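Engineer: The structure under discussion is supplied below as structure tokens; questions concerning it will follow.
What follows draws every value from the coordinates through simple rules; no lab data is involved. Since this is a predicted model, take the numbers as computed values, not measurements. Counting neighbours? That spans all protein chains shown, and the Cβs are built from the backbone with ideal geometry, glycine included.
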Amino acid sequence: MAEPNFGGRIGVSWRESTPWWPLDRTAPEGAPNVVMIVLDDVGFAQLGCFGSDIETPHMDRLAAEGLRYNNFHTTTLCSPTRACLLTGRNHHAVGMASIAEFTNGYPNSRGFVTKKAAMLQEILAQHNYNSFATGKWHLVTAEHQTMAGPFEHWPLGRGFDRYYGFLGGDTNNWNPDLIHDNHRVEQPATPEEGYHLSVDIVDHAIAFIRDQQAAAGGKPFFSYVAFGAGHAPHHTPPAHIERYAGRYAKGWDVTRAEWFARQRELGVAPEGAGLAPRDAAVPAWEDLSEDARRLYSRMMEVYAGFLTHTDDQIGRLLATLDDLGRREDTLVILLSDNGASAEGGDHGLLSEWMFFNGIATTMEANLARIDEIGGPSTYNHYPIGWAQAGNTPFQWYKRWVHAGGVRDPLIVRWPGHVADPGSIRPQYHHVTDVVPTILEVVGVEAPEILAGEPQLPIDGTSFAYTFADPAAPTRKTVQYYEMFGNRAIWVDGWKAVACHQRDVHVVQPAPFEDDRWELYHIDEDFSELDDLADAHPDKLAELVERWWVEAGRHNVLPLDDRGVGRTTRRPGPNRFVYYPGMSGIHPQAAGPTRNRNYTITAEIDRNDASEEGVLLALGGRFAGWTFFVKDNRLVYEYNYVELARYVVTSEVELPVGPCTVAVRFELTGRLRGRAILLVDGAEVGRGEVASTCAVTTGLEPLDCGQDTQTPVSTAYESPFRFSGTIKQVVLEVHGKDPVTDPDPDPDPDPDAEGRAAMGAQ
């Protein structure tokens, strides 16, 4: 049967036939390449061109050749901003109310973006674009991050032609969890050999662009480059740290004042803008001890070096566009996904996993390891005082919908299409506006149907009109916000905002009806400081009512204020079989062992007593458990966020030849238990595990027959592959965790005992 719509003629042979080739898709004439650079947790003030003294010359160059937007907004969290950025729709409407790992069983929080919201790369593919993504994805739920997929929400499943990076919210920059296209890969070098994730991400971005240009030089491309920087861990090469030695000894109060003065000088903060008072949770720098100042200033030196190192990689990417002669016909968009993060708490962190487990750290414990900060032995974050400085001149932080969380840097460069390069644009815009802007620039429209799926309407408003007209009034009219129950809405220059909760570890926040709404006239109050709620109650009531209208329109309900405890696991199996050599499995997709009884059983065979290695391991250097053979003994070790290591070793040596080894973990209380070692069914050792923790959200995967990335135990080095033979390893899990498993009659505070135990460590 002939091809449908064939335009030639088919005869008996080629002599009586006429060939015909279908026309290739073409991009509109003059359609530019698009390079989108996404920074992570970088606050409004932290780029040099937005007021800081952090050295970012390549980003500053972009600003000098393009435009800075000082009234640009995001969702205040990673995954939701990315969902808006790539679809042009609001995050609740597309299924990404919070981060991808925080699914809760409701349509607004599926952990992936509905196919009814086409992403930019899927639209551009219909117009002859190639698209490549490198770096952070964070738009697929944890349970789908396995080699069984489904892959439909991985980057290639959502329209990118090539991908290299990490799927989760963050990863170790020295020892990352890497995905190349649709499979896991080992990092190409070690930290000792100079490896760093930011370099690797840009190496691949450059390679993808060069390969495409060599094969089809006239074809446009979309390159999406999403750094892990400056999200924790702030992993920084030593030379970049040392260039900031001593710079932040002046402290966060002086730094904020200096950065604000520079913002005023640059025009990033307009005439009349004020500086938010120091947060009550942030101590005055002058009140800190000398040791605290030394520690906290070092943490900021590390962060500044991290951002400058990132800028170096952006410089390499931009140089590639110049070398290929594609600078003039490439639209570059650079933004941060939310404000600076306060998750480092009062003293900063040497392990971010203490935050996720609600475990307090101390200044003294951090100070003892000051020389390690930024290196491979830490998963570090700076203290809250530097986050407030990063969000100068605003109040609050990432996760909240006050300006400090949602107003972020945006730079746009498009040579020949900007009336006044180097200037600032004040129009109010939101991350949903990026896709419609790019579509207008390219000269295409969002489809009503794509791949058979009727499409949701685009929520965003193009800001391409601002390129040529700096004084044009904003065309945006309304934008709502919601995160963890914190709510806000902007309408025609006015903003109402309610802080629902300060601590995302609280199990039962106050009722929503108890929230106090604040009111700001943003057109006259740039820094969002003058609360007019009492002066204009009618205006406030009008905006609050409008918030509910927008919430209904965009699928915001039900409100979920459970913070880091909102994730629930759908019902699943309790028996898991793993095989040596398999790719690692995301902790949330692996057998759930947190706060449960479980048994790990391995069928092994050894030719001699020297054969050893890991049988099954979850996590790595910063938290996790591992079951392994070493020195002819069976060992189970639990790494409780590096605060304690519970090691149980068999009292007898293992037999040579085939045998069955096991560890049985029995709960003795919430988040604690005992481990019992067995060889061919006989007990050979037992020991107490006084504290356990969550090992989730992309720490390090579950591995069989090896322990990749970093070692859970200090008794071996990764990957410590088992040198004998493993037939299989079976993990059997019993019981439920009240926090992560749905329960029709939940304990009102299911983790109170566990938090008390953790706080006692």
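Engineer: Cross-link candidates for residue 630: which lysines have Cα within less than 29 Å, leaving aside residues fewer than 8 places away along the same chain?
Structural biologist: Within the straight-line limit of under 29 Å, residue 630 reaches these lysines: 727.
Engineer: What number, in percent, do you get for the relative contact order of segment 344-387 if the mean sequence gap of Cα pairs under 8 Å and at least 6 apart is divided by its residue count?
Structural biologist: Rounded, it is 61 percent for segment 344-387.
Engineer: Hey, can you grab everything whose amide H is under 5 Å from the amide H of residue 44? Only 5+ residues off in sequence or another chain; H modelled, so Pro and N-termini drop out.
Structural biologist: HN-HN under 5 Å from residue 44: 340.
Engineer: Moving on to the next point. Starting from the Cα of residue 207, step 7 Å along the direction of its Cβ; do the same at residue 242; then give the gap between the two resulting points in nm.
Structural biologist: 3.0 nm
Engineer: Another question, then. If you plug each phi of segment 544-554 into the Karplus form 6.51 cos²θ - 1.76 cosθ + 1.60 with θ = phi - 60°, what whole-Hz ³J(HN,Hα) values come out, in order, with x for Gly and Pro?
Structural biologist: Using θ = phi - 60°, the values come out as 5, 4, 5, 4, 5, 4, 5, 4, x, 5, 10 Hz.
Engineer: Put +1 on the Cβ of every Lys and Arg and -1 on every Asp and Glu Cβ in the chain; which of 496, 234, 175 then has its Cα farthest towards the positive end of the dipole?
Structural biologist: Checked the options; the winner is 175.
Engineer: When the C-alpha atoms of segment 239-304 are aligned to their principal axes, what extent does each axis show, in angstrom, from largest down?
Structural biologist: 37, 31, 14
Engineer: Next question, about the same structure. Between residue 371 and residue 423, what length in nm is gained on full extension when 0.36 nm per residue of separation is reduced by their alpha carbon distance?
Structural biologist: Using 0.36 nm per residue and subtracting the Cα-Cα distance, I get 14.6 nm.
Engineer: If only Cα atoms are counted, what is the Rg of segment 575-759, and what is its Dmax, in Å?
Structural biologist: Reported Rg and Dmax, both Å: 15.8, 53.
Engineer: When the Cα centres of segment 396-426 and segment 428-454 are compared, how far apart do they sit, in Å?
Structural biologist: When both Cα centres are located, 20 Å separates them.
Engineer: Using the charge dipole of the chain (Lys, Arg: +1 at Cβ; Asp, Glu: -1 at Cβ; taken about the Cα centre), state which of 151, 590, 66 has its Cα farthest towards the positive end.
Structural biologist: 151
Engineer: If you restrict to DSSP beta bridges whose two residues both lie in the chain, what percentage is antiparallel, to the nearest 5?
Structural biologist: Here the share of antiparallel DSSP bridges comes out near 75 percent.
Engineer: Expected output is a single nm value to one decimal: the length gained when fully extending between residue 265 and residue 286, i.e. 0.36 nm times separation in residues minus the C-alpha distance. What is it?
Structural biologist: So the extension gain works out to 4.9 nm.
Engineer: Sorted from fewest to most neighbouring beta carbons within 10 Å, what does the list 713, 341 look like?
Structural biologist: 713, 341
Engineer: Now a separate question. Largest first, please: the extent of the C-alpha atoms of the chain along each principal axis, to the nearest Å.
Structural biologist: Computed over the Cα atoms, the extents are 90, 79, 53 Å.
Engineer: Additional query: Got a sec to turn the phi values of segment 110-119 into Karplus ³J(HN,Hα) couplings, 6.51 cos²θ - 1.76 cosθ + 1.60 with θ = phi - 60°, whole Hz, x for Gly and Pro?
Structural biologist: Ordered by residue, 3J(HN,Hα) equals 8, x, 8, 8, 4, 5, 7, 10, 4, 8 Hz.
Engineer: With all distinct Cα pairs included, what does the Kirkwood hydrodynamic radius of segment 158-265 come out to in Å, to one decimal, could you say?
Structural biologist: In segment 158-265 this quantity evaluates to 16.9 Å.
Engineer: What residues from segment 572-613 fall in the zone where the backbone N is under 14 Å from a label point 7 Å along the Cα-to-C-beta line of residue 659?
Structural biologist: Output list for this probe position: 602-613.
Engineer: Continuing with this model, one more query. Roughly what would the spin-label model give for residue 559 and residue 502, points 7 Å off Cα along C-beta, in nm?
Structural biologist: 1.9 nm
Engineer: Using DSSP to call loops (not H, G, I, E or B), can you name the GluC sites (Glu not before Pro) in segment 587-696 whose Cβ has at most 13 other Cβ atoms within 10 angstrom? It would help to have the intermediate numbers written out before the result.
Structural biologist: Working: sites: 603, 611, 612, 637, 642, 651, 653, 666, 683, 688; in loops: 611, 612, 642, 651, 653.
Here the GluC sites (Glu not before Pro) that fit, given the DSSP loop and packing criteria, are 651, 653.
Engineer: Which lysines have a Cα lying under 27 Å from the Cα of residue 219, excluding residues fewer than 8 positions away in the same chain?
Structural biologist: The qualifying lysines are 115, 136.
Engineer: For an R0 of 35 angstrom, estimate the FRET efficiency from the Cβ-Cβ distance between residue 219 and residue 468 and round to the nearest 0.05.
Structural biologist: 0.80
Engineer: Right, something else. For the chain, what's the relative contact order in percent, using C-alpha pairs closer than 8 Å and at least 6 residues apart? The partial results should precede the final answer.
Structural biologist: Details: 1792 pairs, mean separation 119.3, N = 761.
Computed value for the chain: 16 percent relative contact order.
Engineer: May I ask you to list the GluC sites (Glu not before Pro) in segment 189-284 that are in a DSSP loop and have at most 11 other Cβ atoms within 10 Å of their Cβ?
Structural biologist: Passing both the DSSP loop test and the Cβ count: 271.
Engineer: Any idea how far the Cα center of segment 1-54 sits from the one of segment 272-301, in Å?
Structural biologist: Each part reduced to its Cα centre gives a spacing of 49 Å.
Engineer: In terms of the ratio Rg/(2.2 N^0.38 Å) built on C-alpha atoms, what value belongs to segment 478-565? Please report the intermediate quantities before stating the final value.
Structural biologist: Numbers: Rg = 13.2 Å, N = 88, 2.2 N^0.38 = 12.1 Å.
Scaled against compact globular proteins, the figure is 1.09.
Engineer: Sort 725, 76, 330 by Cβ crowding within 10 Å, fewest neighbours at the top.
Structural biologist: Taking fewest neighbouring Cβ atoms as first place, the list is 725, 330, 76.
Engineer: Right, next: Can you order the peptides 622-634, 366-378 by their average number of other Cβ atoms within 10 Å per residue, highest first?
Structural biologist: 622-634, 366-378
Engineer: Given the Cα-Cα distance of residue 440 and residue 5 and 0.36 nm per residue of separation, how much length would full extension add, in nm? Write down the numbers at each step before the final one.
Structural biologist: Values: separation 435, 0.36 × 435 = 156.60 nm, distance 3.10 nm.
Full extension of this stretch gives 153.5 nm more.
Engineer: When the Cα centres of segment 190-209 and segment 77-153 are compared, how far apart do they sit, in Å?
Structural biologist: About 24 Å separates the Cα centre of segment 190-209 from the one of segment 77-153.
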